[in-house]
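Here's the structure we're looking at; comments come further down.
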Amino acid sequence: MRFKSLALAGASLLALTMTASAQVKIGFITTLSTPGGYLGEDARDGFLLAVNEEGGKLGGVPVQVLVEDDQLKPANGKQIAEKWLESEKVKLFTGVIFSNVSIATVPTILEAGGIFVSPNAGPSAFSGKACNKNYYVTSWQNDNLHESAGALAKKLGYKRMVLLAPNYPAGKDAIIGFKRTFGGEVIEEIYTSLDQTDFAAEMARVRAAKPDAVFQFHPGGQGIAFLKQWAQSGLKDQVPMVVASPSLEQKIVASVGDAAIGIAGTSHWNGDLPNEANKAFVKAFVAKYNREPTVYASQGYDAAKLIASGLKTSGEKLDADAFRSGMLKVDAKLVRGNFKFNNNQHPIQDWYEIKAVKGTDGKVVLQSGAKVLENHADAYAKDCAL
Amino acid sequence: MTLVLEQILNGLQFGLTLFLLAAGLTLVFGIMGVINLAHGSLYMMGAYAAALGAQWTGSFWLALPIGLLAAFAIGVGVELLVMRRLYGRDHLAQVLATFGLILFFNGLLAWQVGRAPLLMNGPEQLAGFIEVMPGLPYPIYRLAVMAVGVLVAVGLWYLIARTRMGMLIRAGSTQREMVSALGVNIAQLFTLVFGLGALLAGLAGVMVGPIRSVQIGMGEQVLILTFVVIVVGGVGSVRGALAGALLIGLSDTLGRAFAPSLLKLWMSGALADGLGAALSSVLVYLVMAMVLVVRPRGLFPMEG
Amino acid sequence: MMRQRGLFVLLLLAFIAVPFIAGALGNTYMITMATRVLICAMVAVSLDLLVGWGGLVSFGHAAFFGLGGYVVAIAATHATQGGDIFGWGGTNEALIAWPLAMLVSAGAALVIGALSLRTSGVYFIMITLAFAQMLYFVFVALKVYGGDDGLSMTSRNLLAGARITDARSFYWICLILLAVVVALVGRLLNARFGLVLRGAKASERRMAALGFPVYRYRLVAFVIAGAIAGLAGALWANLGRFAAPDMLSWLRSGEFLVMVILGGSASLLGPVLGAAVFLILETQLAAHTEHWQVIFGPLVVLAALYMPMGLWGYVRGRSS
Amino acid sequence: MIAALELKGLSKSFGALRANDDIDLSIREHECHAIIGPNGAGKSTLIGLLTGEILPDRGQVLLFGEDITHWSVPRRALAGLGRSFQITQIVPGFSALDNVALAVQGRSGHSFQFVADARADMRLRAPAIEALEQVGLSARADVMSEILSHGERRQLELAMALALKPRVLLLDEPMAGMGPQESALMVQRLIALKGQVTIVLIEHDMDVVFALADRVSVLVAGQVLTSGTPDEVRADRRVRAAYLGGEVA
């Protein structure tokens, strides 16, 4: 008990001495442990790269970025937010990767008068009626990922499809999102369980259903296992597959190798997008971290650039309205190119076709193709009163 | 009909993969009486070592011994540093210590190797299919995994029933004093057995590397299902682990394969898909509960 | 016994001091943190009833904690946003929702306990773990109540119609409930029931030979512990105004076990101490390095190897 | 007269081993009936079958004429079947008195009482003190049970069995690990019990057996070789051959 009070008193004393500086503090709550840790790691590194390039500033304002691991536990995200709001007087938050952490954490921040800029999660809970003028999503509304995949499947002319996703809300949302733009016939919806590592049974079902193509949404490790087993089962050469960005991103491709070749994906960003900002970003990222950036790194970087746009107008004071006017102006060159905020402060942007190809060095890399959707917004914006 | 056979084959294959993991865990419990939550971590370390080895050497066949050796070495290290202080202790201390090990190994890999999943390909020679019966092609690699599972089962049976070491192992679990009076170094024997358990975990990790994701936390994902397997089979019994693994593997796979279509006989398609998924995800736990009601100590309880 | 009581009072005074210290420092986060400690301490005390006093190593205690949290969150959701569950429109009143949370958790503990207690030792550990994991996946998949995303409450429960808005009043409520739980568990352990439970830990055969149907006593203990964990879950959901499947995850169960053992099992107040040290250590480490697990893991191992009596063993050892 | 304890055709096998094979035995009320036999004769299995820790493959156990073959251990205990353990089974952390009070509590039926301090309950304490006096341990009533000497623990073991006020008392090697002096004292105490309670005594020490037993049954290879008075058994040539010759000589 005595230890406890001492530790707490110590922590708060530390906090008091640190609040004396004139920087804007940015609270970067992200997932660094658990299997999802690499998403947070890349988002953080992308974000810090942008801060670094400006010499510790964003939009000309000196910033200090506090980073902490939420362990993919909603309560931890909320706890870190409370701690920083209170003892570090942080007003501007970002970094959260997963929707569940976001849903628990964001209300705490907004109620305390803080600002939240999401570099990844865009849950529908906050994109419609519950939108907020201090809540920005710079990546995508969750459904966009799957809508773009549905649009791609339609564009490729598939008529009868089997859809697979884990049996939890994000999986079901994926299937709903896909169907919204696909328009063809869904022969079967197969739900896998969230702890599943072997998909042989589902693949046999797909084989038996004889679809034109399949759409599957399995993020992270499950997606990797799915792609490996898909290639191994021989279905890869028989049934085309369409996926959204979380199931075909740089790390997944790197860890499945040849099994990814031939799969059709979509994304709002890729390393080979020809704009100048992107070329510079990829080069700088590789130079600094000695690895290729992922889509999460690009999102972290873009989030930083957008925050810079807000800080340019708000300055060190960080007045929420001034910040908002700067944010909505989008006075920044984003690596994904075309971007503006919708009325619900979620993106309106382009989605590209993506595919994995054998690079010149024998490694499998992602290559972007034609636009699948242009100036695509989300379906919830109409419910937002902003 | 082919579909049913294929799904049964899938179930057997999944069951044998589970067996690879369960065998080491149940062996260690049966002989030393310790519950090792970090068994999944040894599986992960084996897979990581093999994946890194494959990147380095460019060959699955070289990566295989690297993974096994690493798992064995880590197992021996863990036994010498931690486990041997836990033999006389209650399960509580064992649970706590091995829980700490899980955190450590996950943290260590994130820190030293990185958080992103690793690439690991199967051997070229085992790519492709064999037509196991007309109209049913099956991936060679999966058949190889099954073969390894069968080999491990036979090998363990031989080791325990027919060799001097097996005799010592059997005696070690019941009559420690007598065996040590015979001049056998029990401490060394236990280190070796724990290493063997770790090696089996590592083998499981290496074998599934090419068909699953080699990533942090991969051990915990399978740990609980492994527990279900050995609880159903009878903790400590290798035979039980095999029976439990096949039962769980088959019921899980067949549930996922056929529950939705069976339900469609009574209800609408979308509802059946949803309910079927929900049902098949809890099916293995229901099987476990049913086995426990009938046989609280599993299908093949350990004697004594 | 006297010493135990003296330490109880000391600990209580320390907890009473927290809001005043926090007030003096102008730091309300400290109160939230301390509330978290109180709630986890409550779970740890209930778990210790099984683990330390009953010799039943349950690795699925988080299931009851999570269930309690969900009961409150689901009831509040229906009360504020309409809809019903099993024909019931929900409530935002703590005096109804919290006992209900205890009741539901107790019911789940009755079913899980009835099956798990047919076994013992390592079987029991694995089976409680497996059942908890099953419930975890049920909530992850439960789309109506948010599934993986969790379920938010628009506000805290009303206590007899009154709002509990500020951190301080909620802290007092948690403190009072924890004190009541500790006192009741303390009484229970020295009542006839508790003596049977403790006797069965030492020798199940002896207790059976004395005419005690041990299974029944253990099941009742399991249900009581489940109910207390349910209450703690209800408080946790109120603290964060949020319930999520991670409340039921096996990692949580593991953390609760660590709290019990770190503090000292079979010591009544040890788990309270364990919860405090665990949470502070974890948050401090995580705040200072992203690789906190590499430090925290070995610390847990060392505690398991070299502190069989837990921290409480040292505290009591020094004061005697 | 109804036998206090009657076994009819009781059999139990473990795999191929017939641990108890068709055992018939009748134990009269208030007698002290010793069961002897060489190691591996099936005495432990028989104790298990009597107490209910092991269920038989065939046969019946009757307690005062009532069929208790399928009763659980606690139910048998409440019906009046008390026992002591070969390896002391006491609760550490509890005083000697606490341990015995627990036995009194067991006798009193259900213990689902959650609040009142059981240690302040004279309904439990008084009979417990009585039982401690009976075995000569009352001076050590407040000592923690794990601190007691081995002999004292054996006394405590007996006190716990007695506190249950059993009609039939199963004593599983009550002298195990005792020195000659302690052993003699224990014999004195058991003699004092004779006539008040039916005693089934499993014992290795032949001096003890012949000092205490009214009748003796000899168990060899899972079967009852013979039953009779100590003198009859002593005189039985088969017993000498199978057992006494080997062990006591």
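Throughout, read-outs are computed from the coordinates displayed, never taken from laboratory work. These figures come from a predicted structure and were not determined experimentally. FYI the Cβ positions are ideal-geometry reconstructions off the backbone, even for glycines, and counts take in every protein chain you see.
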(request) Report, by chain and number, residues whose modeled amide H sits under 5 Å from the one on D:GLU29, excluding near sequence neighbours (fewer than 5 apart, same chain). (result) D:ALA4
(message) Angle check, please: helix D:96-107 long axis (alpha carbons) against the longest principal axis of chain D (alpha carbons), in degrees 0 to 90, nearest 10.
(response) 70
(request) Rank A:GLN196, A:GLN367, A:GLN79 by mean-square fluctuation in a GNM of chain A with C-alpha springs under 10 angstrom and give only the top-ranked residue. (result) A:GLN196
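Taking DSSP loops as anything outside H, G, I, E and B, show the longest stretch in chain B free of chymotrypsin sites (Phe, Trp or Tyr not before Pro) there with at most 16 other beta carbons within 10 Å.
Within chain B, the longest run free of exposed chymotrypsin sites (Phe, Trp or Tyr not before Pro) spans B:88-265.
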(request) Would you pull out the residues with amide H under 5 Å of A:VAL65's amide H, same chain only if 5 or more places away, H placed 1.01 Å from N? (result) A:ILE26
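So, R0 is 60 Å and r is the distance between the beta-carbons of B:ALA147 and B:ALA270; what FRET efficiency does that work out to, to 0.05? Walk me through the numbers before you get to the answer.
Details: r = 40 Å, r/R0 = 0.67.
FRET efficiency, B:ALA147 to B:ALA270: 0.90.
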(request) Choose one of C:GLN81, C:THR91, C:GLY113: the residue whose Cα lies farthest towards the positive end of the charge dipole of chain C (beta-carbon charges +1 Lys, Arg; -1 Asp, Glu; about the Cα centre). (result) C:GLY113
(message) Full-extension gain between D:ARG123 and D:ALA79, please, as 0.36 nm times their residue separation minus the C-alpha to C-alpha distance.
(response) 13.8 nm
(request) Filter the DSSP H helices in chain B by two things, a Kyte-Doolittle mean of at least 1.6 and an axial alpha-carbon span of 24 angstrom or more, and list the hits by number. (result) B:2-32, B:60-81, B:140-162, B:186-208, B:269-294
(request) Please report, to two decimal places, log10 I(q)/I(0) for chain D at q = 0.13, 0.15, 0.17, 0.18 Å⁻¹ as given by the Debye formula with identical point scatterers on the Cα atoms and no solvent. (result) -0.82, -1.06, -1.31, -1.42
(request) Would you kindly derive the ³J(HN,Hα) couplings of segment D:220-228 from the backbone phi angles with the Karplus curve 6.51 cos²θ - 1.76 cosθ + 1.60 (θ = phi - 60°), listing them in order in whole Hz, with x for Gly and Pro? (result) 9, 6, x, 10, 7, 6, 6, 9, x
(request) Would you please give the residues with an amide H less than 5 Å from that of C:ALA191, counting only those at least 5 places away or on a separate chain, with H modeled from the backbone geometry? (result) D:ALA118
(request) Once you've got the GNM for chain D with C-alpha springs shorter than 10 Å, pick whichever of D:PHE85, D:PHE210, D:PHE14 has the biggest mean-square fluctuation. (result) D:PHE14
(request) Kindly write out, for segment D:148-159 in residue order, the coupling ³J(HN,Hα) from the Karplus curve 6.51 cos²θ - 1.76 cosθ + 1.60 (θ = phi - 60°), rounded to whole Hz, with x marking Gly and Pro. (result) 4, 6, 4, x, 5, 5, 5, 5, 4, 3, 5, 4
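Could you tell me the calculated FRET efficiency between C:ILE16 and D:SER108, based on Cβ-Cβ distance and R0 = 35 angstrom, to the nearest 0.05?
On the way: r = 41 Å, r/R0 = 1.17.
That gives a FRET efficiency of 0.30.
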(message) Quick test of your reading: applying the under-4.7 Å Cβ rule, which cysteines of the protein assembly as shown are isolated?
(response) C:CYS40, C:CYS174, D:CYS32
(message) Please compute, for peptide A:229-235, the average count of beta-carbon atoms on other protein chains lying within 10 Å of each residue's beta-carbon.
(response) 5
(message) Using only Cα atoms and rounding to the nearest 10 degrees, what angle (0 to 90) does helix A:220-232 make with the longest principal axis of chain A?
(response) 20
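For segment B:33-136, which trypsin sites (Lys or Arg not before Pro) are in a loop by DSSP, counting at most 16 other Cβ atoms within 10 Å?
Values: sites: B:ARG84, B:ARG85, B:ARG89, B:ARG115; in loops: B:ARG89, B:ARG115.
Answer by residue number: B:ARG89.
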(message) Distance between the C-alpha centers of segment D:130-192 and segment B:249-266? Whole Å please.
(response) 62
(request) Check every DSSP H run in chain C and write down those whose alpha carbon atoms cover 24 angstrom or more along the long axis and whose mean Kyte-Doolittle hydropathy is 0.0 or greater. (result) C:2-25, C:28-48, C:62-81, C:94-116, C:121-141, C:167-190, C:214-240, C:270-288
(request) Principal axes first, then extents: for the Cα atoms of segment A:126-210, list largest minus smallest coordinate on each axis, whole Å, largest first. (result) 50, 33, 18
(request) Output ³J(HN,Hα) for segment A:172-187: one whole-Hz value per residue in order, computed from phi by the Karplus curve 6.51 cos²θ - 1.76 cosθ + 1.60 with θ = phi - 60°, and x for Gly and Pro. (result) 5, 4, 4, 5, 5, x, 4, 5, 4, 10, 6, x, x, 8, 9, 6
(request) Could you work out the equivalent-ellipsoid semi-axes for segment D:93-165, taking the square root of 5 times each eigenvalue of the Cα gyration tensor, largest first, in whole Å? (result) 20, 13, 10
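Mind checking the mean number of beta-carbon atoms from other chains within 10 Å of the Cβ atoms in D:96-103? Write out the running numbers ahead of the final one.
Numbers: counts 0, 0, 3, 5, 0, 2, 9, 7.
The shielding value for this peptide is 3.
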(message) Which of A:LEU194, A:LEU49, A:LEU85 ends up with the largest GNM mean-square fluctuation for chain A, with Cα atoms connected below 10 Å?
(response) A:LEU194
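Per residue of B:252-260, count partner chain C-beta atoms within 10 Å of its C-beta, then hand back the mean as an integer.
Working: counts 4, 5, 1, 1, 12, 6, 2, 0, 5.
Whole-number average of other-chain Cβ neighbours for B:252-260 is 4.
Give me the net charge for the shell around D:GLY42: Cβ to Cβ below 11 angstrom, other residues only, Lys and Arg +1, Asp and Glu -1.
Values: positive: D:LYS12, D:ARG18, D:LYS43; negative: D:ASP21.
Taking every other residue near D:GLY42 into account, the sum is +2.
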(request) Counting only DSSP beta bridges with both residues in the protein assembly as shown, tell me the antiparallel percent, nearest 5. (result) 50
(request) Tell me the chymotrypsin sites (Phe, Trp or Tyr not before Pro) within segment C:24-124 that lie in a loop according to DSSP and have at most 11 other beta-carbon atoms within 10 Å. (result) C:PHE86
(request) Mind pulling the angle between the C-alpha long axis of helix A:37-53 and the longest principal axis of chain A? Nearest 10 degrees, somewhere in 0 to 90. (result) 50
(request) Starting from 0 in steps of 20 Å, tell me what percent of the Cα-Cα pairs of the protein assembly as shown lands in each bin. (result) 10, 36, 34, 15, 5, 0
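Report Rg/Rh for segment A:147-253, rounded to two decimals, where Rg is the Cα radius of gyration and Rh the Kirkwood radius. Walk me through the numbers before you get to the answer.
Numbers: Rg = 12.4 Å, Rh = 13.5 Å.
Looking at segment A:147-253, the ratio lands at 0.92.
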(request) Can you pull the one-decimal nm distance between simple spin-label points at A:LYS317 and A:LYS279, each 7 Å off the Cα toward Cβ? (result) 4.1
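Which value at 222 nm does chain B reach when only helices count, each DSSP H run of 4 or more adding -39,500 (n - 2.57), with the total divided by all residues and rounded to the nearest 500 deg cm²/dmol?
Working: 11 runs with 225 residues, N = 304.
Roughly -25500 deg cm²/dmol at 222 nm, from the helical runs in chain B.
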